[in-house]
Structure formats: structure tokens, C-alpha cells
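A short reminder: the numbers here are calculations on the coordinates, not readings from a lab. All values derive from a computational prediction rather than experimental measurement. All Cβ positions, even for glycine, are placed from backbone atoms using ideal geometry, and neighbour counts span all protein chains on display.
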Amino acid sequence: MESKGFVDASALLGRLDKRCYGQFIEHLGKCIYGGVWVGEDSEIPNQKGFRLDVLKAVKELQPRIIRWPGGNFSSGYHWLDGVGPREKRPKRFDMAWRAEEPNTFGTDEFLEWCRLVDAEPFIVVNAGNGTPEEAARWVEYCNLKTDTYYASLRRKHGHPEPYGVKIWGIGNELYGRWQVGFCVDGAECARRTIEFANEMRKIDPRIELVAVGCEDPEWNLEMIKDAGEYFDYLSVHIYIGGDKPYRELAAVSLDVERRLRNVYGLVQSARRKFHIEREIRLAFDEWNVWYPEAKAPLHEQVTDVGDAVLTGAILNTLHRLCRAVPIGGFAQTVNVLPLIVASDDGRMALTPQYLVFKLYSANTGDFVLKTAVDTDHYASSELKEPVPFIDLSATLTEDRKTIYLHIVNRHETEASEMEISLRRFTPKKASQQYVAGRTVEDRNTLDNPENVKIQKASVEIKGEKILFNLPAHSVNLIKISG
Ligand code: AHR
């Protein structure tokens with residue numbers, strides 16, 4: 001295959017909010033207990049109870065933002081159960097997952113973990129069977145300096161300085177009958193959102209709020225119409241069934257892009273119709289491939305290179321949607337539908353999806369550039385449209401000296417020679433890294449954790465053009481210095 005691409009260094013689509021590489025962790029299966037947290041007495045190496053291999057792997061991901069404690073779990077979670085001396089914390093029945101919650105990992109542990117991995121915290125309050133007052137008190141515990149009960153409680157627990165948590169979610173998937181304390185329609189959720197937002201902002205007016213959205217236009221319309229002046233982001237979750245033929249799976253990013261654009265378009269039309277002045281963007285705060293074997297209670301699966309190809313294509317989508325979708329939340333980081341598999345016997349495997357995240361978040365610019373691609377297509381029977389084999393996104397650093405190309409080759413057997421013409425940018429040096437494995441089914445397992453790796457290749461520079469090879473089923477990162 002041969003493909004051509006065009007990148008104009010002066011055509012900025014928008015600023016890239018690197019929170020699009022965000023992660024999501026939930027009290028579910030072995031995500032928190034066994035993944036993030038093993039406790040100080042564990043034989044698994046840990047730092048104050050935080051599992052060390054996972055901590056290091058997450059830090060290397062540079063996730064920028066991490067959402068917690070759920071997910072469905074958040075709708076029955078009472079935060080006061082998870083603060084103070086650990087031996088005194090109550091063990092509770094978690095209604096969302098019908099599990100026992102020991103509460104040994106709570107607010108202070110989460111915020112300390114975020115500090116260690118250098119990520120911004122994103123806390124989802126209980127808007128299921130919790131109250132606005134309980135949520136407001138959580139904001140006080142985290143953010144206030146005052147000489148009042150909950151701020152003092154934080155100090156008493158050994159945290160003199162406020163954490164300054166900026167992003168708060170009001171509930172999770174409240175449209176679903178599976179959710180503890182679900183709402184029957186968008187109007188009910190809007191009323192609930194207003195009550196929570198009102199009390200939480202009375203405690204700290206600087207916070208930014210994420211409200212429950214979905215792909216039901218009626219729900220979203222009611223949310224914007226009634227509560228549009230009360231929140232900053234509307235949440236959207238998309239899980240992709242993994243049991244599809246590879247070509248269909250690799251094509252799904254086109255569908256994800258269309259669906260996110262549709263939701264965002266509706267939000268903007270509703271804002272205009274109902275004269276909502278507050279800017280509202282999307283938080284795509286749960287997304288991943290979900291295989292049928294990932295079931296309760298553990299939700300374990302081991303994803304492969306094919307899933308990594310889709311992951312790269314979705315990250316390219318989020319680049320292109322940088323003005324509409326500033327926050328992402330990969331579901332989930334450890335052990336549940338995982339990026340990182342961390343076993344009870346102390347071993348760890350980093351999936352090809354993990355390698356893609358690592359490649360992208362360490363090598364990305366501050367602005368998204370407009371690009372064009374000339375490539376072959378294939379027919380998708382699910383999407384009923386031609387799917388380009390090559391997906392290209394480009395980002396430029398603030399100092400305008402480096403361009404990063406993020407390129408996916410969806411083809412399962414054919415490599416592609418690619419030539420990129422650069423406008424208003426003279427390349428001086430270029431290098432390539434990629435994730436491809438040998439086949440689309442290649443994966444990293446606990447027994448074979450190094451099977452798929454990030455590899456390197458060289459790039460040729462010819463005047464204003466660069467030339468390189470994209471291996472079959474690969475996710476590539478080309479760094480070009482000018
Ligand atoms: O990520 C697993 C679950 O999927 C989350 O708890 C929920 O929000 C979603 O339905």
C-alpha cells in the first residue's frame with residue numbers, strides 16, 4: 001500500500017487538552033484492591049500500601065486526570081466511610097456490584113495516589129442514594145481551609161493543606177435502571193443535578209462540574225434546558241463489544257467520532273434554543289472495548305494488538321474533537337477491562353493498549369493541526385461506509401518547533417509506505433516509534449509480558465516531505481523537529 005498525507009503547521013484545529021488521555025478507576029473487581037492498593041502489610045512491594053509496579057506504570061502513562069470512585073460504585077458510596085483511621089472504617093455491602101467494600105482505600109488514599117502519579121483528581125459524588133449535603137461536605141473536606149467541621153476533619157486526618165479538587169462529577173449513568181438511585185428521565189436528573197451543583201458550589205465556587213449525559217437526545221435536551229447553567233461538561237460513555245471481526249473493530253472509531261459529534265452538536269443546539277450562556281463540553285469519561293468474558297465479579301479480559309489499533313484510532317478522534325471533548329476516561333486502568341494486568345502473585349503485564357497510551361501521552365503537542373490523507377479504503381458491513389486504512393492526526397508544540405504525527409494503519413497484513421508533505425514547517429530531524437506486534441492477536445500476558453513492545457524505525461527527510469513505513473496493524477508516533 002502507498003499513502004500520502006498533508007499537514008499544515010499553520011492550520012490549528014484547536015488546543016489539545018491532554019486530559020483527553022485520562023483514566024478511570026473504580027471499586028470493582030481487583031481494580032482498587034489488588035491493583036492500585038495492596039496495603040502496607042502486603043508481600044507485594046508497595047509504597048505506603050500503593051502497589052509499586054502499578055504506581056510506576058501509571059506514572060509513566062502521564063494520565064493527566066483520573067476519575068474515581070466509580071462508575072456504578074459511586075451511586076451507593078458514602079465518602080465518610082473511607083476516611084480516618086483505617087482500622088475503624090466500616091465494611092459495607094456495595095449494592096452496585098454486590099461486593100464487600102472494606103473502605104481501606106478512600107479519599108485521602110486516592111488523592112495521595114493522584115499526587116504520586118502526577119494526575120489531576122476527578123471525583124464522582126454519590127447522586128444515587130446520596131444527598132447534596134453529603135456531596136457538599138465532601139467538597140469542604142477536600143477544598144476548604146476554614147475552621148469548620150469537615151475541613152478540620154481533613155486536618156485531623158493528617159492533611160493540613162486543602163487538596164483543591166477542581167473536577168467533580170454529579171452521579172454516574174443515572175439514566176440506567178441498573179444504577180442505584182437512577183432517575184426516570186432527564187428532567188428528574190436535571191433537578192437532582194441543580195440541587196447538587198448548588199450546594200457543592202456554595203462550598204467552593206471554583207469547582208467545575210460534570211453532569212450525567214448519554215446518547216438519548218431527549219435526556220440531553222432536558223438536562224441542558226433545565227440544568228444547563230449548572231454544569232460545565234456532559235458525560236458520555238461508550239463501550240465497544242470486542243467480539244467483532246478485526247476489520248469491523250478497527251473501524252469503530254469512525255462510529256465513535258460520529259456519535260460524539262452528534263451529542264456535542266445537540267448540546268450546542270440546545271444551548272442556543274434555551275439561551276444557556278455557560279459553555280458545555282463533553283467528558284468522554286468511560287470508554288473501552290468490552291469482551292463477553294469480562295463479567296462480574298472481576299471483569300477481566302486481556303486485549304490484543306487489534307484493540308490497540310482501535311485505541312490509537314480513538315485517541316486520534318479525541319485529538320480531532322479537541323474543542324468538544326477535553327476530558328477522556330479510559331475504563332479502566334488496572335485489572336478491570338484493564339490497560340494494566342496486575343496479578344495477586346506480584347506479576348504485571350502491560351497490554352498493547354497501554355503501550356499506545358504511553359506512546360501518545362509522552363509524545364504530543366499543544367495544538368491539533370488540520371490534516372488530510374490519501375489512502376486505500378475497505379468496506380465495513382457494520383458501518384456501511386468505506387473505512388480508510390490510514391488514520392492520521394498531527395499535533396504541534398507551543399514553541400512551534402516539534403510536530404508529532406499519530407498514525408494508525410488498520411490493515412491486518414499490509415504495510416504502507418507513507419509520504420507526508422508539510423506546509424509551513426521545515427523538518428530537520430525525524431524519528432518513528434510504533435506498536436504492532438506480529439499479528440493482530442498478539443498480546444502481553446503474565447507469562448509473556450514482553451511479547452508486544454514499542455519499536456523504533458527511521459524516517460527519511462526530503463525537503464519539506466518525510467517518508468516512512470507503517471507496519472501492518474500498527475499505531476505509530478513520528479516526531480519531527482523543525
Ligand atoms: O466500567 C464498568 C462499568 O461500566 C461502570 O461502573 C459503569 O459506569 C459502566 O456501565
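Brief remarks follow.
- Axial C-alpha extent at least 20 Å, average Kyte-Doolittle at least 0.0 - helices from the chain (DSSP): 305-320
- Dipole magnitude for the chain: computed about the Cα centre from +1 point charges on Lys and Arg Cβ and -1 point charges on Asp and Glu Cβ, it is near 1420 debye.
- Three-way shape call for the chain based on the alpha-carbon gyration tensor, with the a/c threshold at 1.5: prolate
- Over the range 121-229 - Rg/Rh using Cα atoms and the Kirkwood inverse-distance radius: 1.02
- Among the chymotrypsin sites (Phe, Trp or Tyr not before Pro) within the range 163-259, those in coil by DSSP and having at most 13 neighbouring Cβ atoms inside 10 Å are Trp178.
- Most positive-pole-ward Cα, Val252, Gly482, Ser431, against dipole of the chain from beta carbon charges: Gly482
- The modelled label-to-label distance for the pair Lys453/Glu414, using points 7 Å beyond Cα in the direction of Cβ, is 3.0 nm.
- Per-residue ³J(HN,Hα) for the range 19-31, Karplus 6.51 cos²θ - 1.76 cosθ + 1.60, θ = phi - 60°, Hz, x for Gly and Pro: 5, 5, 8, x, 10, 9, 10, 9, 6, 7, x, 10, 5
- The range 18-350, relative contact order [Cα under 8 Å, separation at least 6], %: 20 percent
- Using a simple spin-label model with pseudo-atoms 7 Å out from Cα toward Cβ, Glu279 and Thr131 lie 3.6 nm apart.
- Cysteine residues of the chain whose C-beta has no other cysteine C-beta under 4.7 angstrom: Cys20, Cys31, Cys114, Cys142, Cys214, Cys322.
- Cα gyration tensor shape of the range 7-136, rounded if a/c is under 1.5, else prolate or oblate by comparing a/b with b/c: oblate
- Highest mean first, the peptides 368-376, 420-428 sorted by other C-beta atoms within 10 Å per residue fall in the order 368-376, 420-428.
- Per DSSP, loop trypsin sites (Lys or Arg not before Pro) in the range 87-177 with at most 12 further Cβ within 10 Å: Lys91, Arg98, Lys145, Arg177
- Of the trypsin sites (Lys or Arg not before Pro) found in the range 192-274, those that fall in a DSSP loop while having at most 14 other beta-carbon atoms within 10 Å are Arg206.
- Cβ-based exposure ranking for Glu441, Glu229, in which fewest neighbours within 10 Å come first: Glu441, Glu229
- Straight-line cross-link partners of Lys91 among the lysines, defined as a Cα under 18 Å from its Cα and at least 8 positions apart when in the same chain: Lys30.
- Model label points for Arg115 and Lys295, set 7 angstrom from Cα along the Cα-to-Cβ axis, are 4.2 nm apart.
- In the range 18-350, a dipole from Cβ-located charges (positive for Lys and Arg, negative for Asp and Glu) runs towards its positive end, and of Phe274, Val36, Pro162 it is Phe274 whose Cα lies farthest in that direction.
- Between Ser42 and Lys166, the FRET efficiency from the beta-carbon distance, with R0 = 41 Å, is close to 0.80.
- Modelled label reach - Val302, point 7 Å along Cα→Cβ, the range 345-383 residues with backbone N closer than 16 Å: 345-355
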